[in-house]
Amino acid sequence: MTLKIFFLRHGETVASKTGGFCGTSDVELTPEGEIMAKDFAVAYRSVPWKAIFCSPMRRTIATAKPICDLVGMEMQLRGGLKEIDFGQWEGKTPSEVNKEFHDDYVRWQSEPGWNSPPDGERAIDIARRSSEVIEEIEKIYPDGNVLVVSHKATIRIMLCSLLGIDVGRYRDRIYMPVAAVSVLEFCDQGPRLLKLSDRSHLKQ
């Protein structure tokens, strides 16, 4: 048996609906987002989970809670799974950022791997801190199913890093809607993608 990591993006928030920059802003799920979390829990309750890891933000904790309650397992909070820090762009829309920070915004769009929002993080920074969590999971759970509940940018960066894709292309290469599930199997040859951004568990 091999290790399988299920990457779950949190459910809907107001920011995910509007498209604003919401990285370190600790927002709640919308009522629809709470339903998404429950839909995931019902659909995946029969998976024999070894562990559930979660970003320590309210929207991810609220997403992980229904499955934790159903299977009777405590979530393990890890700061390395938090969303990208957008620095001075937090709470702003892309159009506002383009107007107020045009040059920085253009540089970030062209190469987010090595360019960050003012006072924010680069993709390589997220790749580094999230990789520590993945290494911990691989060490403690060499086989079985592990759930990781995180965020849009962070999951895309983790997937790129694990699959050998330039992390600077995470915004271009991987589509990641709210409540989407992606699955990697860790084989002798390395991580293998089994499922990407699946939302078939959602009832609505």
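Just so it is clear, none of the values below were taken in a lab; they were calculated from the coordinates. In this text, all values refer to a predicted model and were calculated from it rather than measured experimentally. All Cβ positions, glycine included, derive from the backbone under ideal geometry; neighbour counts span all protein chains shown.
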Report task. Quick one: Debye curve from the alpha-carbon atoms of segment 135-189 only, equal weights, vacuum; give me log10 I(q)/I(0) at q = 0.16, 0.28 Å⁻¹ to two decimals. Result -> -0.53, -1.26
**Report entry** Taking the chain and dividing mean pair separation by its residue count, relative contact order in percent (alpha carbons under 8 Å, at least six apart)
**Finding:** 32 percent
Query - Label-to-label distance, nm, for residues given as ARG45 and LYS139 (7 Å Cα→Cβ offset) - result: 3.5 nm
Requested in this report: Would you mind counting up the charge near THR24? Only other residues with Cβ under 12 Å from its Cβ, with Lys and Arg at +1 and Asp and Glu at -1.
Outcome: -3
Query raised in the report: Once you charge only the Cβ atoms, +1 for Lys and Arg and -1 for Asp and Glu, what is the size of the charge dipole of the chain about its Cα centre, to the nearest 20 debye?
Result: 540 debye
Report summary line: The base-10 log of I(q)/I(0) that the Debye equation returns for segment 25-85 at q = 0.12, 0.16, 0.21, 0.24 Å⁻¹, one scatterer per C-alpha, is -0.28, -0.50, -0.82, -1.02
Query raised in the report: What's the extension gain from GLU185 to GLN204 if we count 0.36 nm per residue and subtract their Cα-Cα distance?
Result: 4.0 nm
Requested in this report: Starting from the Cα gyration tensor of segment 49-204, take the square roots of the eigenvalues, sort them a ≥ b ≥ c, and report rounded, prolate or oblate (rounded when a/c is under 1.5, otherwise prolate if a/b is larger than b/c, else oblate).
Outcome: prolate
**Report entry** Estimated 222 nm signal from helices in the chain, with DSSP H stretches of n ≥ 4 weighted -39500 (n - 2.57), rounded to 500
**Finding:** -12000 deg cm²/dmol
Query raised in the report: How much length, in nm to one decimal, is gained on full extension between THR18 and LEU193, taken as 0.36 nm per residue of separation minus their Cα-Cα distance?
Result: 60.0 nm
Query raised in the report: Across 10 Å bins from 0, what is the distribution of all Cα-Cα pair distances for segment 26-136, in whole percents?
Result: 13, 33, 30, 19, 4
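Starting from the Cα gyration tensor of segment 72-130, take the square roots of the eigenvalues, sort them a ≥ b ≥ c, and report rounded, prolate or oblate (rounded when a/c is under 1.5, otherwise prolate if a/b is larger than b/c, else oblate).
It comes out prolate by the Cα gyration axes.
How do the peptides 50-60, 194-204, 26-36 rank, highest first, by the average count of neighbouring beta carbon atoms within 10 Å per residue?
Going from most to least packed, we get 50-60, 26-36, 194-204.
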**Report entry** Solvent-free Debye scattering, log10 I(q)/I(0), computed from the Cα coordinates of segment 103-144 at q = 0.15, 0.18, 0.23 Å⁻¹
**Finding:** -0.48, -0.57, -0.71
Report task. Could you line up SER131, SER110 from fewest to most neighbouring Cβ atoms inside 10 Å? Result -> SER110, SER131
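Hey, which of these cross-link pairs are over 19 Å Cα-Cα: LYS82/LYS203; LYS4/LYS50; LYS50/LYS152; LYS65/LYS139; LYS38/LYS139?
Flagged as over cut-off: LYS82/LYS203; LYS50/LYS152; LYS65/LYS139; LYS38/LYS139.
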Query raised in the report: For segment 125-178, which trypsin sites (Lys or Arg not before Pro) are both in a DSSP coil and crowded by at most 13 other Cβ atoms within 10 Å?
Result: none
